[in-house]
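> Next up is a structure, given as structure tokens.
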Amino acid sequence: MDDNSFMQMALDLAEKGRGFTSPNPMVGAVVVNRGEVVGRGYHQAAGTPHAEVHAIDDAGPKAQGATLYVTLEPCNHTGRTPPCTEKILASGINRVVMAMEDPNPGVRGGGGEFLVSQGVSVVRGVCEARARRLNEVFVKYITSGLPFVVVKCAATLDGRIATRTGDSRWVTGEAARRRVHRMRHALDAILVGVGTVISDDPSLTTRLPDIKGRDPVRVILDTRLSIPENARVLRLDSSAETLIFCGDQASADKRRLIQKSGARVLTAPVSHGRINVKALMPLLAEAGITSVLIEGGSRVIASALAAGVADKVSFFYAPKILGGDDGVPVCRGPGAGLMSDCLQLRHTRVERLGDDILIEGYLNQNQEED
């Protein structure tokens, strides 16, 4: 096997941490001695040992003279855990192959340079495109200070997310809905407008059949604080917070009443009678939210796209045709006047989920092809 093959193994290991490592990146590591994999590990949760530590411990004495394959540059600083470079040197590993340098401007290159100064051979950039895609959330957040934003919708082939009566259960099938719950598990927060809360009364939690998924922080945009006092999101038994953003003109009495439920009511800038989505993003970042899944409704999706905050879109299409123009569209409000002015997705991918089709692509990220 070559460097690429062993790095792909490390990247597969890193995937096991999806949904559990935020705000840290997902990292996998493999120790190889004379062509044999002798150690494996991945970062399992923030504050716990890094992938390199798990892999080296797994290898034991077989790490002496071995090669370490790691999906992200080993750290050379002390945070909640000691520097991984020290662990590498103590193990006797004499070659390190990394997929990508740490994107954090304050530490980028430091781990690799230190290892080289200590006589360790270092190779960079093996499977880098896949590694960057794996940690697209971490890369965006650590370089810009803003959350990575995914816009998701489920629509009929003629572009409707609900009928004229507001019925949206279910647009897509079970496989597509399960994928959405994996997205909720993987991202820090889920964002909807209060209209969605009023019409659907969703729980906005994660429900997965094979693992205990992580609930995202629930973010609700509610300019006038019109959320019903008995809304399900205010009555959940969940470890994740509910944040409600309103304008400064919202009723103080209603604010106090809602906060008694345990939700936090926060004030955000308002533009044209609606929460300013662009101005909201730094507020979410300040709350430690590194990624956001925008699930609706139509005006919130349109606002996010118009404001340029969306990095990625995930549109699920069901093989259904509403057959009229009176259903609820994916986006409400004015759109582009010319086809040349449409938002253009890059690096698109298409996946079949049961009878449904998922189309994903990027808007803001400078993504590299795999």
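> With a 1.4 Å probe and every protein chain left in place, work out the accessible area per residue of the chain in Å², rounded to a whole number.
Normalised by residue count, the accessible surface of the chain is 47 Å².
> Multiply the residue gap between Ala336 and Arg18 by 0.36 nm, knock off their C-alpha separation, and tell me the result in nm, one decimal place.
Full extension from Ala336 to Arg18 adds 110.9 nm.
> What value, in deg cm²/dmol to 500, does the helix sum -39500 (n - 2.57) over DSSP H runs of n ≥ 4 give at 222 nm once divided by the residues of the chain? Provide the component values of the computation, followed by the final result.
Working: 11 runs with 102 residues, N = 370.
It lands at -8000 deg cm²/dmol.
> For segment 280-307 and segment 22-37, compute the distance between their C-alpha centroids and round to whole Å.
Cα centres, segment 280-307 to segment 22-37: 33 Å.
> How big is the dipole moment of segment 109-207 about its Cα centre under a simple scheme where the beta carbon of each Lys and Arg is +1, that of each Asp and Glu is -1, and everything else is neutral? Debye, nearest 20, please.
Values: 15 positive and 9 negative charges, 55 e Å.
Magnitude of the dipole: close to 260 debye.
> Beyond a 28 Å Cα-Cα separation, which of these cross-linked pairs lie in this structure: Lys140/Lys320; Lys278/Lys320; Lys87/Lys212; Lys16/Lys152; Lys16/Lys260?
In this structure, Lys140/Lys320; Lys278/Lys320; Lys87/Lys212; Lys16/Lys260 lie more than 28 Å apart at Cα.
> Further question: Counting only DSSP beta bridges with both residues in the chain, tell me the antiparallel percent, nearest 5.
On the way: 26 of 60 bridges.
Taking every DSSP beta bridge within the chain, about 45 percent pair in antiparallel fashion.
> Let me ask something additional. Going highest first, how would you order 138-145, 51-58, 339-346 by mean Cβ packing within 10 Å? Walk me through the intermediate numbers first.
Details: 138-145: 18.2, 51-58: 23.9, 339-346: 10.2.
Highest-to-lowest ranking by the protection proxy: 51-58, 138-145, 339-346.
> When the Cα centres of segment 169-201 and segment 1-20 are compared, how far apart do they sit, in Å?
What the calculation gives is 29 Å, centre to centre.
The values are calculated or read from the model by the stated rules, or taken from the named source; none is laboratory data. The structure displayed is predicted, hence computed values, not measured ones. Because the Cβ atoms are built from the backbone with ideal geometry, glycine has one as well, and the counts that use them run over all protein chains shown. These area figures cover heavy atoms from the full protein model, side chains too; ligands, DNA and RNA do not enter into them. Shrake-Rupley method; radii C 1.70, N 1.55, O 1.52, S 1.80 Å.
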